[in-house]
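Each remark here refers to the structure printed beneath this line.
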Amino acid sequence: MSYLMSNYAPLEVTFVKGEGCYLTDTKGDQYLDALSGVGVVG
């Protein structure tokens, strides 16, 4: 992994559910997944 750029700091959260563009963590908090396109856009 040392060859990869560290553009984004890892989140200290555990996701338990994903529905559409929303992720839910173990506490029930929801997050909008706005970074999924970053990995596929050239």
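Just the residues that are in contact with a Phe, Trp or Tyr (Cβ under 8 Å, 6 or more places away or on another chain) and either among the basic types (K, R) or modelled with pLDDT under 95 (or both), please, taken from segment 27-42.
Y31, L32, D33, L35
Pairs please, first residue from segment 12-24 and free of Cβ contacts under 8 Å to residues at least 60 places away in the same chain and more than 11 Å from A34 (Cα to Cα), second anywhere and exposed (fewer than 10 other Cβ atoms within 10 Å of the Cβ) and basic (K, R), Cβ atoms under 9 Å, 6+ apart in sequence or on different chains.
From residues that are free of Cβ contacts under 8 Å to residues at least 60 places away in the same chain and more than 11 Å from A34 (Cα to Cα), the pairs are V13/K27.
If T24 meets every condition in (1) part of a strand (DSSP E or B); (2) among the β-branched types (V, I, T); (3) at pLDDT below 90 apart from one, which number is that one?
(3)
The values are calculated or read from the model by the stated rules, or taken from the named source; none is laboratory data. Keep in mind that what you see is a predicted model, and the values were worked out from it rather than measured. Cβ coordinates were reconstructed from backbone atoms using ideal geometry, including for glycine residues, and neighbour counts include every protein chain displayed.
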